[in-house]
Structure formats: C-alpha cells, structure tokens
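Participant: Here's a structure for you.
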C-alpha cells in the first residue's frame, strides 16, 4: 500500500505551536499531532476522513498542551 | 557546494527503494512515536523501541554490551550487515540508535536522509507485515566512550568555557519551560549549563526532513563559535535530540572530538548545587 494525500499543517493551540500531519492508508486517515519543537508526538488518531482524524487528535493535543507550565525567568 | 565529511553514512529514499532486497541490508525503524511502525512501515523493516530496547531496563543507561549484541543478533544483523536506520521526526531516535551502534563499533551503519517523513511524503510503499529474520551472530566491540560524555567531563567543559551545545528549544534553554510543551516536567530546575550555546537540533534539518547542506550546517554552528577546533559536547533533555546534533557535527561536518552527554538536562537539572544559567543570554542563577 502507498500513503496518499500527505499533508502537514501548523497551528497554535493553548499558546503553543502544534503540527498536524495526516495521510491516508487504504481507507483509513491517520493524523499525528506533535509539539513542533522538538516534534514529540502528543497523539496519533485515525478517522474515516481527514477532518475526523484531525479533530480527534486536536482534542487530545489541546488537553496535553494546556498542562504545560510557563516559569518566570 | 561542499560534500559532507562522511557522505557514506546517509542513504536517500530512492537508493533505499532500489536496495530493499539486498541480503546484506537490514532496515530498522526507530520512532519517537512507537505506534507509527504498526500503522505502516517500509517493507522489510523491523522496529526497535527506544524506551525498551535501546535502554537498560533497570538502571538509567544505554544498552549493556551483551544486550546490544543480543538485540542485533535477534534482528538478523551480523557484524558485516549494512544497517540502515530511519524514523519519524527527522530521524531523531534513529540518530540515537546510530550513536549506540557506533559506541559498540558497528562499521556500516547509515541513516535514511529524510526518514519516515520523506518516505511517506513521496508516497512510497508501506506495509504492515512484520518480517522475521534468522538469528545472526553478532560480536560488539568494547564501548567507545570517546563519543559519550559523562557528568565530570561536562562539568570540566563548562568550567573551562569549552563548547557545549544545548540543542533544546530556546524556551527550554532559557528556563521558561522545563520540558517540551505537552510533556511531563522531568527536572527540578529549568535553564541551561553555564557556557552552553543554544542551537536547536531541528535547525539542522530541511522542511522535508533531510539534513541541511554541509555549507549551511557549517554556518549554523560556526555562527555560534562551534567550528571543530575544540572538543564539543552536545546535550538536550534526555540525550536523544542531542544524538542528532552529535551525528551532524561528527559525521556530516567531520569534527573529530564530539561527544553526546546522554545524562543531559534530566541529570544536570536535578543535581543538588549544580550551577544553572537562565535566560537566552545565560544569566547566572542559583540552582536551588
């Protein structure tokens, strides 16, 4: 099988950059969300459409990013 | 354009596609995201987990020599195999595996330039079939500790103001955050090791995940005074991001004396009494 419709988009969530990488394998869409710097995966979700996979990933990523504590320097 | 000092340690996606059936080649995927492999990987690739197969499971350490030998033998890798490593996130953890393979003296180990990202973006073949290989015979060399830095060396390097490259994000370097966004904090204090320069690891990669050119890399590090004329130590939070920068400095730029401090910030930032600098420019602060 070959991955199709590979796409990356970057957005800001809870004040942090977030990257959503999605592609289709067979009939399933995969979406991986990472924190851009350093790019650690926060969640990987699947869906029957890109939008569904992205929304599911976004929800979990938002929850995780909201817990990041900024310290005073 | 100048070529890399050791271009033989990289393979392109097209080279790999043509050599997937080579009997001497063993392909291993090492990801940050351990679920990625199961959802589709390059045909013939096996997977190593960075957290369970590339680390001692009792004490904090890399794999002991006997376990490294066992891992490679069980993966069908012998001493004369061409080991090609690739992974997600610009080969972050593939570089970690490369570093360990070099510690134990594997001669022919290479990285797929662009890693999993480029392979997917190019729409190349994937499979969910997990291959099995006959157990091979593997004998590792005694660990080469010239490429691994331990705390006393790092302390001396910092005291002598010799090159320390902190490859974390600017926010981690400054102490604004103690761990990357969305990940648990794993140190008691934020900031960086005194005298360190901040050159985030991702700056060494292009948007497609491939490594930047020799000239771009030389300028990236040279602008911060890292030119290979003095010993260099790289570090990050747990030593993986910094193995990527170590790879760049050692193999792409060809600097002789480069070591990776895998204790990194989770060691230094938890040490009682260790000096810490905060802020982008390195403002001194008390450790506690």
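Participant: Please work out which one of (1) within 11 Å of residue B:182 (Cβ to Cβ); (2) outside any loop (DSSP other than H, G, I, E, B); (3) touching a residue at least 24 places away in the same chain (Cβ under 8 Å); (4) facing another protein chain (nearest Cβ under 7 Å) is the condition residue A:62 fails and give its number.
Facilitator: Of the numbered conditions (1) within 11 Å of residue B:182 (Cβ to Cβ); (2) outside any loop (DSSP other than H, G, I, E, B); (3) touching a residue at least 24 places away in the same chain (Cβ under 8 Å); (4) facing another protein chain (nearest Cβ under 7 Å), the odd one out for residue A:62 is (4).
Participant: Given the residues B:104, B:133, which is the only one that is farther than 21 Å from residue B:221 by Cα, more than 14 Å from every other protein chain (Cβ to nearest Cβ) and crowded, with 19+ Cβ neighbours inside 10 Å? Give the steps one after another, and end with the answer.
Facilitator: Working: B:133 fails: crowded, with 19+ Cβ neighbours inside 10 Å.
The unique qualifying residue is B:104.
Participant: Can you spot a residue in segment B:137-146 that is surrounded by 16 or more Cβ atoms within 10 Å (Cβ to Cβ), farther than 16 Å from residue B:239 by Cβ, touching a helix residue (DSSP H, G or I) at 6+ places or on another chain (Cβ under 6 Å) and more than 14 Å from chain A (Cβ to nearest Cβ)?
Facilitator: Yes, the conditions are met somewhere in segment B:137-146.
Participant: Moving on. Out of all the residues in segment B:147-184, which are more than 22 Å from the chain's Cα centre (by Cα), within 14 Å of chain A (Cβ to nearest Cβ) and over 16 Å from residue B:264 (Cα atoms)?
Facilitator: The one that is more than 22 Å from the chain's Cα centre (by Cα), within 14 Å of chain A (Cβ to nearest Cβ) and over 16 Å from residue B:264 (Cα atoms): B:176.
Conditions (1) more than 10 Å from every other protein chain (Cβ to nearest Cβ); (2) within 27 Å of residue B:198 (Cβ to Cβ); (3) in contact with a helix residue (DSSP H, G or I) (Cβ under 7 Å, 6 or more places away or on another chain); (4) crowded, with 17+ Cβ neighbours inside 10 Å, marked per residue:
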position	(1), (2), (3), (4)
A:27	yes, no, no, no
A:43	no, no, yes, yes
A:56	yes, no, no, yes
A:68	no, yes, no, yes
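Participant: Right, here's the next one. What single numbered condition from (1) over 24 Å from residue A:41 (Cα atoms); (2) crowded, with 19+ Cβ neighbours inside 10 Å fails to hold for residue B:82?
Facilitator: (2)
Participant: Report yes if residue A:5 is crowded, with 20+ Cβ neighbours inside 10 Å and modelled with pLDDT of 95 or more, otherwise no.
Facilitator: On the way: crowded, with 20+ Cβ neighbours inside 10 Å: no; modelled with pLDDT of 95 or more: yes.
So residue A:5 does not fit the description; no.
Participant: While we're on this one: Say we look at segment B:3-13 and pick out the residues that are touching a strand residue (DSSP E or B) at 6+ places or on another chain (Cβ under 9 Å) and part of a loop (DSSP other than H, G, I, E, B); which of these is farthest from residue B:251 (Cα to Cα)?
Facilitator: Kept after step one, since they are touching a strand residue (DSSP E or B) at 6+ places or on another chain (Cβ under 9 Å), are these residues of segment B:3-13: B:4, B:8-13.
Next cut, part of a loop (DSSP other than H, G, I, E, B) only: B:4, B:12.
Values: B:4: 8, B:12: 16 Å.
So, considering only residues that are touching a strand residue (DSSP E or B) at 6+ places or on another chain (Cβ under 9 Å) and part of a loop (DSSP other than H, G, I, E, B), the one farthest from residue B:251 (Cα to Cα) is B:12.
Participant: Just to be sure I understand, how many residues within segment B:210-256 are on the phi > 0 side of the Ramachandran plot and more than 14 Å from the chain's Cα centre (by Cα)?
Facilitator: As a first pass, look at segment B:210-256 and keep what is on the phi > 0 side of the Ramachandran plot: B:225, B:228, B:239, B:254.
This time we only want the ones that are more than 14 Å from the chain's Cα centre (by Cα), so: B:225, B:228, B:254.
The number of residues fulfilling the criteria is 3.
Participant: Would you confirm, using the coordinates I've provided, whether residue B:221 is out of contact with any helix residue (DSSP H, G or I) (no Cβ under 6 Å at 6 or more places or on another chain) and more than 10 Å from chain A (Cβ to nearest Cβ)? Explain how you work it out, then say what you get.
Facilitator: Values: out of contact with any helix residue (DSSP H, G or I) (no Cβ under 6 Å at 6 or more places or on another chain): yes; more than 10 Å from chain A (Cβ to nearest Cβ): yes.
So residue B:221 fits the description; yes.
Participant: Just a yes or no: is a residue in segment A:4-15 over 15 Å from residue B:37 (Cα atoms), within 7 Å of chain B (Cβ to nearest Cβ), in a strand (DSSP E or B) and touching a strand residue (DSSP E or B) at 6+ places or on another chain (Cβ under 9 Å)?
Facilitator: Step one: of segment A:4-15, the residues over 15 Å from residue B:37 (Cα atoms) are A:4-15.
Remaining after also requiring within 7 Å of chain B (Cβ to nearest Cβ): A:4, A:6.
So of that shortlist, the ones also in a strand (DSSP E or B) come out as A:4, A:6.
Now restrict to residues that are touching a strand residue (DSSP E or B) at 6+ places or on another chain (Cβ under 9 Å): A:4, A:6.
Scanning segment A:4-15 turns up at least one residue that is over 15 Å from residue B:37 (Cα atoms), within 7 Å of chain B (Cβ to nearest Cβ), in a strand (DSSP E or B) and touching a strand residue (DSSP E or B) at 6+ places or on another chain (Cβ under 9 Å).
Participant: Let me ask something else. Of (1) at the interface with another protein chain (Cβ under 9 Å from one of its Cβ atoms); (2) in a helix (DSSP H, G or I), residue A:52 satisfies all except one. Which?
Facilitator: (1)
Participant: Here is a follow-up. Report the residue count in segment B:242-281 for those that are in a loop (DSSP other than H, G, I, E, B) and within 24 Å of residue B:215 (Cβ to Cβ). Before you say what the answer is, go through the steps one by one.
Facilitator: To start, the set of residues in segment B:242-281 that are in a loop (DSSP other than H, G, I, E, B) comprises B:253-257, B:261-263, B:269-275, B:279-281.
The next check asks that each one be within 24 Å of residue B:215 (Cβ to Cβ); those that pass are B:253-257.
Within segment B:242-281, residues that are in a loop (DSSP other than H, G, I, E, B) and within 24 Å of residue B:215 (Cβ to Cβ) number 5.
Participant: Within segment B:226-236, count every residue that is surrounded by fewer than 24 Cβ atoms within 10 Å (Cβ to Cβ) and either within 14 Å of chain A (Cβ to nearest Cβ) or closer than 11 Å to residue B:199 by Cα (or both).
Facilitator: 1
Participant: Ok, one more. Got a sec? Which of B:176, B:129 is touching a residue at least 12 places away in the same chain (Cβ under 8 Å) and within 30 Å of residue B:85 (Cα to Cα)? Before the answer, list the steps.
Facilitator: Details: B:176 fails: within 30 Å of residue B:85 (Cα to Cα).
Criteria check complete, one pass: B:129.
Participant: Picking from B:227, B:207, which residue would you name as being modelled with pLDDT under 95 and over 21 Å from residue B:280 (Cβ atoms)?
Facilitator: Numbers: B:227 fails: modelled with pLDDT under 95.
Within the list B:227, B:207, the selection yields B:207.
Here is a yes/no grid of residues against (1) in the same structural domain as residue B:240 (by TED's automatic domain parsing); (2) assigned to a loop (DSSP other than H, G, I, E, B); (3) loosely packed, with under 12 Cβ neighbours inside 10 Å; (4) at pLDDT 95 or above:
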site: B:1; (1), (2), (3), (4): no, yes, yes, no
site: B:15; (1), (2), (3), (4): no, no, no, yes
site: B:22; (1), (2), (3), (4): no, yes, no, yes
site: B:35; (1), (2), (3), (4): no, yes, no, no
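Participant: Separate question: Residue by residue through segment B:185-208, note down the ones that are more than 10 Å from chain A (Cβ to nearest Cβ) and in a loop (DSSP other than H, G, I, E, B).
Facilitator: Answer for segment B:185-208, where residues must be more than 10 Å from chain A (Cβ to nearest Cβ) and in a loop (DSSP other than H, G, I, E, B): B:186, B:187, B:188, B:193, B:194, B:195, B:196, B:199, B:206, B:208.
Participant: If you go through segment B:45-64 one residue at a time, do you hit one that is modelled with pLDDT of 95 or more, assigned to a strand (DSSP E or B) and within 14 Å of chain A (Cβ to nearest Cβ)?
Facilitator: There is no residue in segment B:45-64 that is modelled with pLDDT of 95 or more, assigned to a strand (DSSP E or B) and within 14 Å of chain A (Cβ to nearest Cβ).
The values are calculated or read from the model by the stated rules, or taken from the named source; none is laboratory data. Note that the structure is a prediction, hence the values are computed from the model and not measured. We place every Cβ from the backbone using ideal geometry, glycine too, and count neighbours over all the protein chains shown.
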